[in-house]
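Asker: My questions will all concern the structure given below.
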Amino acid sequence: MNLIVICIDSLRQDHVGFYREGAEPGAVFPGVRPPRTENLDRFARGALCLRNAYPANMPTIPIRHELMTGCFGLHERPWQPLQPSDLTVAQILGREGYTCGLISDTYHYRAPGMNFHRGFHSYEWIRGNEYDPWVSSGTRREVEQYVNAHYPAEWRGRIAQYLANTDAFGRDRPEDWFAAQVADRAVAWLRAHREKRGRGVFLWIDSFDPHEPWDPPAPFDTCRPEGYTGPRLIMPMGGLAADWATPEQIAQIRGLYAGEVAAVDAALGQVFDALRDLGYMEDSVVLVLADHGHPLADHGKFLKGADRMYSEMLHVPFLLHVPNGSSNGRVSDALIQYPDVLPTLLDLLGLREYAQTMTGRGFRAVVDMQAPEHRSATVSGYFAAVDRCLRNKRWSYIRRPQGQPDELYDLPTDPLEQHNVIDAHPEAAARLLGTIGPQFVRGVVRSIKGVQGQYEMGSAAIG
């Protein structure tokens, strides 16, 4: 049995058409056309689709650690390289006779000393995304066309680096775009290794897009509202968007993101076609997931951040195809966390014994349709921050630092998380606290900070 993992950076669940089926028609944001994701949608219809798969330790590199090692790091692990004690999926499968490959334009992987290519027999880097220090000769374009008057020198420099990187090729041609390059090399690797002898092959495909900058090639840049004549703000800043962008600029940025999603979907279509044409779908476990979503000023701010623990960042697509699997074509609401992924994959490959020392828990029973549930609650956050989001299927409880009220949202009735009901239901927050190990939560565990006051919870209420 082969293993193919396709990890997509910064893809929101609500921008994948399959996840929107059955919902009220219309765009996610007013005036912004939803992206076309027919390739992801087609793959989803033949896979187990999870609606509640959550990363724990954020963002990019800590999540890759969870996925590659099957271990939680939220309580102890900042953004850091792989450590000598970390045992990764590539090392495990390499020991078992698999040929392991990594193809990515996620430049954090190849930063000096990061070591995330450890254990792979081959690894290919596509250079130049975001502000990867690739081209040092400067850009031929005017940075002023990509910023407004509020952008400081630091952000102008980041955008200038991206422009210099992408001056090196015809950026409007879809085949030159980063995700397309990743897809092309992945297809070549899959074709070259189709008859590889040994136990099987393992390929990790990692697309940095639709991570910002959001600069979709022309054929896919069709989601933005019409009539806009301002700068092409391909890289939004943090902070409150209303402080540095007009409503029209915010809508344009959202449209650029949607166009980038459509371009990623088109590139993935090449990979999905190759998997089918070369026969991998018959003898391979194929996982397609995003590391996290991305705030688009839904709650006032663009970009990821420890204070943005809402569904736009936490709800991600998660699609698992198992050859002849009973769950293919089904949708599950089971709660899982990303450290649970590797133990499950190893179980599917017949290598369950390697998962014994991992802190994630395999959800093979969900995959085999033998159990409808897995976890009772999940936890997400940044290692260095106090903010934590604790969730079950009904409630989302966000713990805030001292001096800020906590937040509680009733997800079935308030999916956009607009109405904080912490004062009305502090007991729901307390119950969520009781399901999570205290090592994952910083600060005073037995205290719920409401808008109107503080609620001290006894052991009976929390337990």
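Asker: Rounded to the nearest Å, what's the spacing between the alpha carbon centres of the stretch 38-53 and the stretch 141-163? Just the number, please.
Answerer: 37 Å
Asker: If you take the square roots of the eigenvalues of the alpha-carbon gyration tensor of the stretch 191-349 and sort them as a ≥ b ≥ c, do you get rounded (a/c under 1.5), prolate (a/b over b/c) or oblate?
Answerer: Prolate is the answer for the stretch 191-349, as a/c is 1.5 or above and a/b outweighs b/c.
Asker: Neighbour counts of other C-beta atoms within 10 Å: give me 196, 301, 393 arranged from fewest to most.
Answerer: Least crowded to most crowded, the residues run 196, 393, 301.
Asker: Sticking with this one: What does the charge count around residue 86 come to, taking other residues whose C-beta lies under 14 Å from its C-beta (Lys +1, Arg +1, Asp -1, Glu -1)?
Answerer: Net local charge, residue 86 excluded: +1.
Asker: Under 29 Å between alpha carbons: how many lysine pairs meet that in the chain, if sequence neighbours fewer than 8 apart on the same chain are excluded?
Answerer: Lysine pairs satisfying the spacing and distance rule in the chain number 5.
Asker: Could you check the spin-label model distance between residue 145 and residue 192? Points 7 Å from the Cα along Cα→Cβ, value in nm.
Answerer: Between residue 145 and residue 192, the simple spin-label model gives 3.6 nm.
Asker: Here's a follow-up. Please give me the summed charge of the neighbours of residue 71: other residues whose Cβ is under 14 Å from its Cβ, Lys and Arg +1, Asp and Glu -1.
Answerer: Neighbourhood net charge equals -1.
Asker: Mind giving me the FRET efficiency for residue 248 and residue 418? R0 is 22 Å, r the Cβ-Cβ distance, nearest 0.05 is fine.
Answerer: 0.45
Asker: What share of the DSSP beta bridges in the chain is antiparallel, in percent to the nearest 5?
Answerer: Bridges in the chain are about 45 percent antiparallel.
Asker: Assuming 0.36 nm per residue, please report the length gained on full extension of the stretch residue 365 to residue 1 beyond their Cα-Cα distance.
Answerer: 129.1 nm
Asker: So I have (1) 145; (2) 186; (3) 133, and one of them is volume of the Cα convex hull per residue in Å³ calculated from this model. Which one is it?
Answerer: The value matching this structure is (1).
Asker: What are the membrane-span-like helices in the chain by this rule: whole DSSP H runs, Cα extent along the axis at least 24 Å, mean Kyte-Doolittle hydropathy at least -0.5?
Answerer: Result, helices passing both filters: 247-277.
No value in this document is a laboratory result; all are computed from the given coordinates. Predicted, not measured: the structure shown is a model, and the values here were computed from it. Virtual Cβ from ideal backbone geometry, glycine too; neighbours counted across all protein chains shown.
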